[in-house]
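Derivation of every value follows stated rules applied to the coordinates shown; laboratory data play no part. Here the structure is a predicted model, which means the values were calculated and not measured.
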Amino acid sequence: MAQKRQEINECLQKSKDINKGCDFIKCFHERYKCNDESVTAWAHALCQSFPKEIILQFTPPGQQMMINIQNCTQNFLARTYRQRKKLNCAGFETEYFSNVAKCYAYEQTFCQVFKDNRQIFMQQATAVMLARPR
């Protein structure tokens, strides 16, 4: 039991580090044994499309928005990870995207930031979004 608790704590620590966020999503995916078609696999693939070196190519407001959105989604996943021992991966998709929508809604300058960074965003996200449309 102590081993399991240690794994959970180590995984949760990754959720607090923007550079290890994708590792946390992978941890989340593996803990709940979601399949490769699940929203958690999709979230992990999308996260990997936006490593730090890509985010740094955005305009300064774009960088801040990406960090804010990543933090917002990571916080949601971390709360879920702490609170639930089991997860219905298919049922979780609606809950996940509802939270993602809230994270984007908090970004009041999203439209302008997206417009200013559209090329880089689409270049990074298109492959994941086309391969695994949601």
Q.
A 19 angstrom limit on the alpha carbon distance is what I want to check against. Which of 52/85; 4/85; 33/102 exceed it?
A. 52/85; 33/102
Q) Once the Cα atoms of helix 60-83 and of the chain are each reduced to a long axis, what angle between those two axes, in degrees from 0 to 90 to the nearest 10, is obtained? A) 20
Q. What area, in nm² and to one decimal, does the C-alpha convex hull of the range 58-115 cast on average over all directions?
A. 4.3
Q | Alpha-carbon gyration tensor eigenvalues x 5, square-rooted, for the chain, Å | A | 26, 16, 14
